[in-house]
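Worksheet for the structure shown next.
The values are calculated or read from the model by the stated rules, or taken from the named source; none is laboratory data. Just so it is clear, the structure is predicted and the values come from calculations on it, not from any experiment. Heads up, the Cβs are rebuilt from the backbone with ideal geometry, glycines too, and the neighbour counts pull from every protein chain shown. Note: areas computed on protein heavy atoms with side chains; ligands, DNA, RNA excluded. Shrake-Rupley method; radii C 1.70, N 1.55, O 1.52, S 1.80 Å.
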Amino acid sequence: MIKNLLRGFSALSLALAPLLSSPAALAAPTAEVTTLADAVGLVKVTEEDRTGYTRTKFKHWNSGDDATDGCNTRAEVLLAEAVVAPTVEAGCKLTGGSWTSYYDGQEVTSAGSLDIDHMVPLAEAWDSGASAWSAARREAYANDQGSAVSLVAVTARTNRSKSDQDPADWMPPSPEAQCRYVGEWVSTKLRWQLTADDRELEALKVYAEGPCEDTVVRYTPAA
């Protein structure tokens, strides 16, 4: 089934090829679609090193994708992920609305009860290659709304339980969320060309070759 789905994406890509020959289209990164197992195989393996890490080296939250809306990245993610849209008051104060925290399946009706989780935590990103980035690229990573999976609104409880751990040490408490989570973790690693250590890679393989073998990974390399 997955192979047929991927063939369909390939056929669509061929059909769209003439439309993608314009300079504007060629300038945009190409979206990649693959199986979870193949995606895991694309992640490079290296030792991790947290030397020199501080959270302040990743500037966030900045003015977001729309610098004119008065909302920072956190608020823009909350607005984008709301199941019922909140009211936006002066100073981008959000009232009302509702969200579903997919890590634990909880419905949340207060924006203040949610954290915006970096799918791959900032410390993990540092360990995995971001230590060599410029400050501007780290800021872009920390505020990345170019991918729907880079930042996710979840209950503060689950975000803080996760902390800076990778899938070898933490998974969402909801079993129904785990395959989605692994796919989005790998997608984010590939989008930003981040590496994995041995334990992390082995944990990803367990899911990719077992309960999550039908998971599809979509990612677009970050500019």
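Which of the residues belonging to the range 137-162 are open to solvent by 20 Å² or more (accessible area, probe 1.4 Å), hydroxyl-bearing (S, T, Y) and under 29 Å from A223 (Cβ atoms)?
Passing the criteria: only S147.
Anything in the range 85-112 that is closer than 22 Å to E176 by Cα and not in a loop (DSSP other than H, G, I, E, B)? List them, or say none.
S98, W99, T100, S101, Q106, E107, V108
For residues that are in contact with an Asp or Glu (Cβ under 8 Å, 6 or more places away or on another chain) and outside any helix (DSSP H, G or I), scanning just the range 166-191, find the one that is most open to solvent (accessible area, probe 1.4 Å).
If we take residues in the range 166-191 being in contact with an Asp or Glu (Cβ under 8 Å, 6 or more places away or on another chain) and outside any helix (DSSP H, G or I), then P173 is most open to solvent (accessible area, probe 1.4 Å).
Looking only at residues that are open to solvent by 50 Å² or more (accessible area, probe 1.4 Å) and part of a loop (DSSP other than H, G, I, E, B) in the range 29-48, which one is nearest to D117 (Cα to Cα)?
E48
Residues to consider are T109, T95; find the one that is open to solvent by less than 60 Å² (accessible area, probe 1.4 Å) and either of a type in the set (D, E) or over 21 Å from the mean Cα position of the chain (by Cα) (or both).
Answer to the check: T95.
Go through the range 113-136 and report how many residues are in a helix (DSSP H, G or I) and open to solvent by less than 10 Å² (accessible area, probe 1.4 Å).
Looking only at that region, the number is 5.
Take the range 192-214 and flag every residue that is touching a residue at least 12 places away in the same chain (Cβ under 8 Å) and outside any loop (DSSP other than H, G, I, E, B).
Selection gives A196, D198, R199, E200, L201, E202, A203, L204, K205, Y207, A208.
Residues in the range 49-68 that are open to solvent by 60 Å² or more (accessible area, probe 1.4 Å) and either touching a residue at least 40 places away in the same chain (Cβ under 8 Å) or among the acidic types (D, E) (or both): how many?
9
Examine the range 208-223 for a residue that is within 16 Å of the chain's Cα centre (by Cα) and modelled with pLDDT under 95, and state whether such a residue exists.
yes
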